[in-house]
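Visitor: The structure is given below, and queries will be raised subsequently.
The values are calculated or read from the model by the stated rules, or taken from the named source; none is laboratory data. As the structure is a prediction and not an experimental result, all values here were calculated from the model. Methodologically, a virtual Cβ is constructed for each residue, glycine included, from the backbone with ideal geometry; neighbour enumeration extends over all protein chains shown. Side chains included, ligands, DNA and RNA excluded: accessible areas come from the protein's heavy atoms. Shrake-Rupley method; radii C 1.70, N 1.55, O 1.52, S 1.80 Å.
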Amino acid sequence: MTAAPYDAIVLGAGAAGLMCAAVAGQRGRRVLLLDHADAIGKKILISGGGRCNFTNIHTAADRYISANPHFAKSALARYTPADFLALVEAHGIAWHEKTLGQLFCDGSAKQVVAMLMEEAAKGGVTILHGQPVREVAHGVDGFGVTFGERRFTAPALVVATGGPSIPKMGATGFAYDLARRFGLKVVEPRPALVPLTLGGDDLLFRELSGVAAPVEARAGKAAFREAALFTHRGLSGPAILQVSSYWQRGDPVTIDFLPDAAPGWLVEAKRARPRATLASTLAPLLPARLAQTLADRLALPGELGAQTDRKLVEAETRLKRWAFQPNGTEGFAKAEVTVGGIATAGLSSQTMMAKSVPGLYAVGEAVDVTGWLGGYNFQWAWASGYAAGQAL
Ligand SMILES: Cc1cc2nc3c(=O)[nH]c(=O)nc-3n(C[C@H](O)[C@H](O)[C@H](O)COP(=O)(O)OP(=O)(O)OC[C@H]3O[C@@H](n4cnc5c(N)ncnc54)[C@H](O)[C@@H]3O)c2cc1C
């Protein structure tokens, strides 16, 4: 057998693959990084509205969804937001905290891709892209990958091809097919951080398309206090994107339109201003069109003074737990990430290597670890890429 010219082949030159290849390369490993796309790091380039929300300082395992909530702990502890920030600063990239611990480039996401490419170059990583990965085989010469017309072999293979969100960016379910072929289980993937669609009576809220309000949105046990946005198809905005990752088909999403209001506030309002209407009482608290629509739906005509306390308490309760019944999501075409993926049960949380296939690794979004909105997904990509890069 001729010696393979590479120690590792990394499939997918996105966030996790670039980090993994750079780290392994800088440790002296000969790394080949392959991607089918016409450009490297495309999702990084469009991320954070072009400014890349590259990490979140509040990163912790409980901000990730996974069949095993403990799996991400080890990698996240060994490569932290401070570690990535140190790299960003070493490359002279200016950054700022936007909100809720979310760190963004002041300039452009292009700087993050350039930084990762430089780090990969420092590690002597060979990057090839723009050809399809035709075949992946496993035999006596290790892993064989046919890329375009060329075949490469290496004793280690890292699957870093991400999830199927935004197929028009080159995203595929390739990682899942590959994992299954090697006998690994895949937790059913579904779109996450995705707008929800409404039907039935809820469609009446379409008239509010474009209106946003700070709310607390809830799906199951998950609750997020951020903005919600009404769209012509349903609900979006950060609060909704966050709960979409937890939402199960058939379940309601409830919205607290006045999360800061004290219990009994509407009865109090009646005592203070009995001549006011519900709409005029809601108007200073909510965007005007939303206040009017909610008041219309609550159907308490006339002055507050004419309503019984019981009716007002009922209205208050509905405003606190307004139930929407989404009929679906806008799907992988609009989802920022994918929940589910290669089952963590088959992987080492230390190295990301498949327990049953020595030399096979999986990192990044391909794995069943999905972060909240706000830089958490990149932090997982960096941390899992680093863990595998250290182990190769
Ligand atoms: C619009 C948008 C905005 C986002 N903004 C943020 C943000 O600001 N902060 C944040 O933390 N997260 C954000 N995310 C999520 C984040 O981009 C992903 O979680 C992250 O890129 C995952 O890294 P990855 O390396 O696992 O996969 P990716 O970055 O998706 O990289 C996978 C790579 O594999 C390649 N590939 C796929 N299939 C194949 C195949 N069959 N053969 C060869 N190569 C293949 C792809 O071309 C790609 O280069 C955003 C996502 C989207 C869609």
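Visitor: Any residue in the range 262-282 that is under 14 Å from Pro326 (Cα atoms) and in contact with an Asp or Glu (Cβ under 8 Å, 6 or more places away or on another chain)?
Guide: Looking only at the range 262-282, we keep the residues that are under 14 Å from Pro326 (Cα atoms), and these are none.
No; the residues of the range 262-282 include none that is under 14 Å from Pro326 (Cα atoms) and in contact with an Asp or Glu (Cβ under 8 Å, 6 or more places away or on another chain).
Visitor: Tell me which helices (runs of 4 or more DSSP H) are completely within the range 1-114 and hold 2 or more residues being of a type outside the set (Phe, Trp, Tyr) and more than 10 Å from the ligand (Cβ to nearest atom), or say none if there are none.
Guide: By residue number, 15-26, 73-78, 81-90.
So that you can scan it fast, the table gives a plain yes or no per residue for (1) on the phi > 0 side of the Ramachandran plot; (2) in a loop (DSSP other than H, G, I, E, B); (3) in contact with a Pro (Cβ under 9 Å, 6 or more places away or on another chain):
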{"site": "Asp201", "(1), (2), (3)": "no, no, no"}
{"site": "Leu204", "(1), (2), (3)": "no, no, no"}
{"site": "Glu207", "(1), (2), (3)": "no, no, no"}
{"site": "Glu226", "(1), (2), (3)": "no, no, yes"}
{"site": "Asp251", "(1), (2), (3)": "no, yes, yes"}
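Visitor: Please enumerate the residues belonging to the range 253-282 that are surrounded by 14 or more Cβ atoms within 10 Å (Cβ to Cβ), part of a loop (DSSP other than H, G, I, E, B) and of a type in the set (Gly, Ala, Ser).
Guide: Ala261, Ala276
Visitor: Output the number of residues of the range 5-24 satisfying the condition of being open to solvent by 10 Å² or more (accessible area, probe 1.4 Å) and over 16 Å from Phe84 (Cα atoms).
Guide: Residues that pass the stated criteria total 3.
Visitor: Being among the aliphatic types (A, V, I, L, M), touching a helix residue (DSSP H, G or I) at 6+ places or on another chain (Cβ under 9 Å), within 11 Å of the ligand (Cβ to nearest atom) and assigned by TED's automatic domain parsing to the domain that holds Ala75 narrows it down to one of Ala381, Ala343, Ala354, so name that one. First the steps, then the outcome.
Guide: Details: Ala343 fails: within 11 Å of the ligand (Cβ to nearest atom); Ala354 fails: within 11 Å of the ligand (Cβ to nearest atom).
So the residue among Ala381, Ala343, Ala354 that is among the aliphatic types (A, V, I, L, M), touching a helix residue (DSSP H, G or I) at 6+ places or on another chain (Cβ under 9 Å), within 11 Å of the ligand (Cβ to nearest atom) and assigned by TED's automatic domain parsing to the domain that holds Ala75 is Ala381.
Visitor: In the range 296-348, how many are open to solvent by 20 Å² or more (accessible area, probe 1.4 Å), within 33 Å of the chain's Cα centre (by Cα), farther than 25 Å from Ile65 by Cα and of a type in the set (A, V, I, L, M, F, W, C)?
Guide: Total meeting the criteria: 0.
Visitor: Tally up the residues in the range 130-163 that are surrounded by fewer than 21 Cβ atoms within 10 Å (Cβ to Cβ), outside any strand (DSSP E or B) and either of a type in the set (Gly, Ala, Ser) or in contact with a strand residue (DSSP E or B) (Cβ under 6 Å, 6 or more places away or on another chain) (or both), please.
Guide: Number of matching residues: 5.
Visitor: Among the residues of the range 164-183, which ones are assigned to a loop (DSSP other than H, G, I, E, B), within 10 Å of the ligand (Cβ to nearest atom) and surrounded by fewer than 18 Cβ atoms within 10 Å (Cβ to Cβ)?
Guide: Filtering the range 164-183 down to residues assigned to a loop (DSSP other than H, G, I, E, B) leaves 164-166, 170-173, 182-183.
Subsequent filtering for residues that are within 10 Å of the ligand (Cβ to nearest atom) retains 164-166, 170-173.
Thr172, the sole residue that qualifies.
Visitor: Still on this structure: Asn377: farther than 14 Å from Pro189 by Cβ, part of a strand (DSSP E or B), touching a residue at least 12 places away in the same chain (Cβ under 8 Å) and in contact with a Ser or Thr (Cβ under 9 Å, 6 or more places away or on another chain), yes or no?
Guide: Spelling it out, it is not the case that Asn377 is farther than 14 Å from Pro189 by Cβ, part of a strand (DSSP E or B), touching a residue at least 12 places away in the same chain (Cβ under 8 Å) and in contact with a Ser or Thr (Cβ under 9 Å, 6 or more places away or on another chain).
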